[in-house]
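Bear in mind these aren't lab numbers, they're just calculated from the coordinates by the rules spelled out. All of these numbers come straight from a predicted model, not from anything done at the bench. Note: ideal-geometry Cβ built from the backbone for every residue, glycine included; neighbour counts use all protein chains shown.
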Amino acid sequence: MTDNFDAIVIGTGQAGPSLAGRLTDAGMTVAVVERHLIGGTCVNTGCKPTKTLVASAYAAHQARRGADYGVITGSVSIDMARVHARSQKISVDGRTSNEAWLRSMAGCSLIFGHARFESDRTVRVGDELLEADRIFINVGGRAVVPDMPGVGEVPFFTNSSLLETDVLPEHLVVVGGSYIGLEFAQIYARFGARVTVIEKGPRLIGREDAEVSDAVRSILEAEGIAIRTGAECINFAHHPNSVAVGLDCSEGEPKTVGSHLLLAVGRRPNTDDLGLEKTGIETDERGYIQVNDRLETSVPGIWALGDCNGRGAFTHTAYNDFEIVAENLLDGADRKVSDRVPCYALYVDPPLGRVGMTEAEARATARRILVGRRPMTQVGRAVEKDEPLGFMKIVVDADTDAILGAAILGTSGDEAIHTVLDIMAAGGNAATLRQTMHIHPTVSELVPTIAGALTVCEDREQERSRP
Ligand SMILES: Cc1cc2nc3c(=O)[nH]c(=O)nc-3n(C[C@H](O)[C@H](O)[C@H](O)COP(=O)(O)OP(=O)(O)OC[C@H]3O[C@@H](n4cnc5c(N)ncnc54)[C@H](O)[C@@H]3O)c2cc1C
């Protein structure tokens, strides 16, 4: 028997539940299918639990630094069971409220199980066949387990399994020196583990400007985290009660032995077992569903939202996808993915807030560019908080005064970056930013200052690679 709905939503990540809310408000019947935990990655194995751990790690770090502020504390120890329970509670609360919300929607049927397409209009979940003229795919992604020699012979964690345990590793080896790996590295170092980060590329967070990578590396190394970049031929082998990771780096020890291993080498979309071959939906060679600027797939009546469409890899991009689809479909709007300004943060401490192009990307467009920079040692609020690590910079088009991008690596960098983001989104330029009065004392108040002190400066990437 086939159950007919006005719409089917596959996955309850950061777009699906909100979309179900708008569709049911518009009077539609909606089947929402979830195969695992409501709330998806962000709520259960991503942003929420990790940022909760980041907060515990920050508390530990500040407690150890108490004397710097004239606050005398006793010795600091970590209760991993309580740390873990706190992070679990925040995830479970998020999941429970999401589920209650979905169940409260009139016209919404919440179905647990793995959804697979049977045709362009039908989806099977176990014995149930669901049919609808509108289908929204919000299946997200999962950690890649790399095909590195020996990986099948050693125990390892991914972000999901590490978050399930309250064990404090004696020595955590993190393979992958990008956003997820670095957050976990600093979290566990601050909890008291010895941590080694192994990165294949020549530097950490290789998508960022080299000066950002270098500054993040120094910050982590100053906390005792060992970092090995340029690690060719990574391989794994058993070692008594531990894991040996072979690096074959050009310099340093060719092997490191850790008590626990975290693989954080990227994500892949959950599209390999979705029955897409029974539809006309096109994917790229990595499995990302191809969508146009309005998030429509190659099959009319089917949309793909969130990480599975390869147009973003963040909670805010998935949620923005929901807004685009819902407003185009229900409000007669004409919103597009290309209208949004790219932005994200890396939640090491201090955090990195990023918007628009990096300096290297801006230079690659052959524009004439101007750059404003300031170290956090010259940001009053950072000095007053005794958190003066990092720097801020803004990149501006010398001919049009358009803001091309910015990076704030420093205390509150994840918040202060919005001062640039909002001006860019509103179509303002560097002059708008310069002329906006900001509150004192904040990190944000120095953003207009750097926009007012722009200079033509040498290409630091090239400068850096000179012998
Ligand atoms: C460790 C970590 C930290 C992160 N931190 C941040 C952060 O600080 N800020 C940020 O913006 N982003 C962060 N992210 C990324 C963010 O979590 C994701 O971008 C976001 O959750 C993507 O949401 P989504 O809606 O695309 O899908 P997901 O949240 O992945 O949800 C997809 C859902 O679909 C379900 N599903 C999959 N296939 C099927 C199927 N066939 N049938 C039924 N159900 C199915 C899954 O079970 C899942 O519940 C982090 C990610 C990780 C891993």
**Item:** Net lengthening on full extension, Thr73/Thr449 (0.36 nm per residue, minus Cα-Cα)
**Value:** 131.6 nm
**Charge dipole magnitude, Cβ of K and R +1, D and E -1 - the stretch 200-270, Cα centre, debye nearest 20** = 420 debye
**Fill in**
What helix-only [θ] at 222 nm does the chain give? Using -39500 (n - 2.57) per DSSP H run of at least 4, over all residues, to the nearest 500, the answer is -9000 deg cm²/dmol
**Asked** Once you charge only the Cβ atoms, +1 for Lys and Arg and -1 for Asp and Glu, what is the size of the charge dipole of the stretch 151-265 about its Cα centre, to the nearest 20 debye?
**Response** 120 debye
**Request:** Would you calculate the separation in nanometres between label points at Glu277 and Arg103, each defined as 7 Å from the Cα along the Cα-to-beta-carbon direction?
**Result:** 3.8 nm
**Item:** Dipole axis of the chain (+1 Lys, Arg; -1 Asp, Glu on Cβ), positive-most option in Val76, Leu172, His114
**Value:** Val76
**Request:** Starting from one equal scatterer on each C-alpha and no solvent at all, send me the Debye-based log10 I(q)/I(0) for the chain at q = 0.09 Å⁻¹, two decimals.
**Result:** -0.69
**Item:** Cβ-placed point charges (K, R +1; D, E -1), dipole of the stretch 343-454 about Cα centre in debye, nearest 20
**Value:** 320 debye
**Fraction of beta bridges assigned by DSSP in the chain that are antiparallel (%, nearest 5)** = 60 percent
**the stretch 151-265: C-alpha gyration tensor shape, a/c 1.5 cut-off, then a/b vs b/c** = oblate
**Prompt:** Rounded to the nearest 0.05, what FRET efficiency is calculated for Asp25 and Ala237 with R0 set to 45 Å and r the Cβ-Cβ distance?
**Reply:** 0.20
**Asked** What list do you get for Lys89, Lys393 if you sort them by fewest beta carbons within 10 Å?
**Response** Lys89, Lys393
**Prompt:** Among Leu247, Phe236, Ser213, which residue has its Cα positioned farthest towards the positive end of the charge dipole of the stretch 151-265, with +1 placed on the Cβ of Lys and Arg, -1 on the Cβ of Asp and Glu, and the dipole taken about the Cα centre?
**Reply:** Phe236
**DSSP-assigned coil residues among trypsin sites (Lys or Arg not before Pro) in the stretch 212-315, each with at most 12 further Cβ atoms within 10 Å** = Arg286
**Request:** Calculate, in nm to one decimal, what Met437 and Phe112 gain on full extension: separation in residues at 0.36 nm each, minus their alpha carbon distance.
**Result:** 111.9 nm
**Complete:** Per the charge dipole of the chain (beta-carbon charges, Lys/Arg positive, Asp/Glu negative, Cα centre), the residue among Ala360, Phe5, Ile90 reaching farthest to the positive end is Ile90
**Message:** Run the numbers for Asn4 and Gln290: contour at 0.36 nm per residue of separation, minus the present Cα-Cα distance, in nm.
**Reply:** 100.3 nm
